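Undergrad: Mind looking over this structure? Questions follow.
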Amino acid sequence: MSVSVQLGLLLSLATALASVVGFLYKHRGAQLAPEVDWKRPLRSTFVLFRSGWYTLGVVVALGGWFFHVGALALAPISLVQSVIAGGLVLLTVIADKLFGHRVTRREWIGVALTAAGLAFLAATMEGGAKEAHGEYQTGTLLLYVGLLSLGGTVAAVAAGWGGELGGRLSVTRRASGYALSAGLLWAASDVSIKAVSGHLEDDGLLLTVLNPLSLVILVASLAGLLVSAKSLQLGDAVPVIAVTSAAANLTTIASGPLVFGEPMPSDPFALALRLLAFGLVIAAAAMTPPPAPADPVAPPPEPPAPPLAGADAAAAAEAPARG
């Protein structure tokens, strides 16, 4: 494995950590903000940023985004997303230690499955992780990104209709629908980032920024941010984050061999191990249940009412006698 790929995978770990922490802070802020109004997306965005917790979460997530861009420029996209998917198990630990959630035995099983998946992945890297593998066919890329964007849009519209048409969808399912939408939109952005990063060395920074795919990255990222905020307002943090991350990681990992021509092992046994590794990482993320919330803190007692004076006090003293 080349040094650049190793650095890319380290950046992937940093991305996973920043993503989890940023998500949890954004959830706290989104819960305190007015509900997102699709008729006023810009106003809803500005209102969300009035919450200090939400802004902090976005800043942390933005740092993770820069780590992610670096990782995608240095390592194969399937490996980058596999490490990020495995990093999702950090959610249970951080939620337990920093955000007051209890971690169950099943969640620790998810950690073990992820570790096993990453071990299998490392065992099958030889010959497939020596470079970033950024080659792609424009038509294939546009089709894949278009399908992800369409899927994300359909999921968001379906979740919205579920709330408007007599509330036929439960709040939990609507939250999952919006979470799925955000994951697919961010996957469209990530796949585009991987494609654009391949032009950086030849075209330079300015021409790379002016690449038409940069507009796709911007629109998909911002749309995903607002849709994700809606999901965090409707659902509990951990299951919403799990759905978003699983959707984004699974579809982005698939883009490695489908879009960018990343090699799969030629040996049938090694190929089976590689597929098992991907499956274990994603399955571990998907099976991780939401931690039980911490015991609620009792609200402080209400202050005593101020004493009555004058005529009001005399009327209050006579009230029992009148009864």
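Every number here is computed from the coordinates shown, using simple stated rules; none is lab data. Please read all numbers here as calculations on a predicted model, not as lab measurements. Quick reminder, even Gly has a Cβ in these numbers, built from the backbone with ideal geometry, and neighbours come from all protein chains shown.
Undergrad: Once label points are set 7 Å from the Cα along Cα→Cβ at both V154 and S266, what is their separation, rounded to one decimal in nm?
TA: 3.8 nm
Undergrad: Please work out the FRET efficiency for the pair L42 and V3, using the Cβ-Cβ distance as r and a Förster radius of 56 Å; give the result to the nearest 0.05.
TA: Numbers: r = 44 Å, r/R0 = 0.78.
Taking R0 as 56 Å, the efficiency between L42 and V3 is 0.80.
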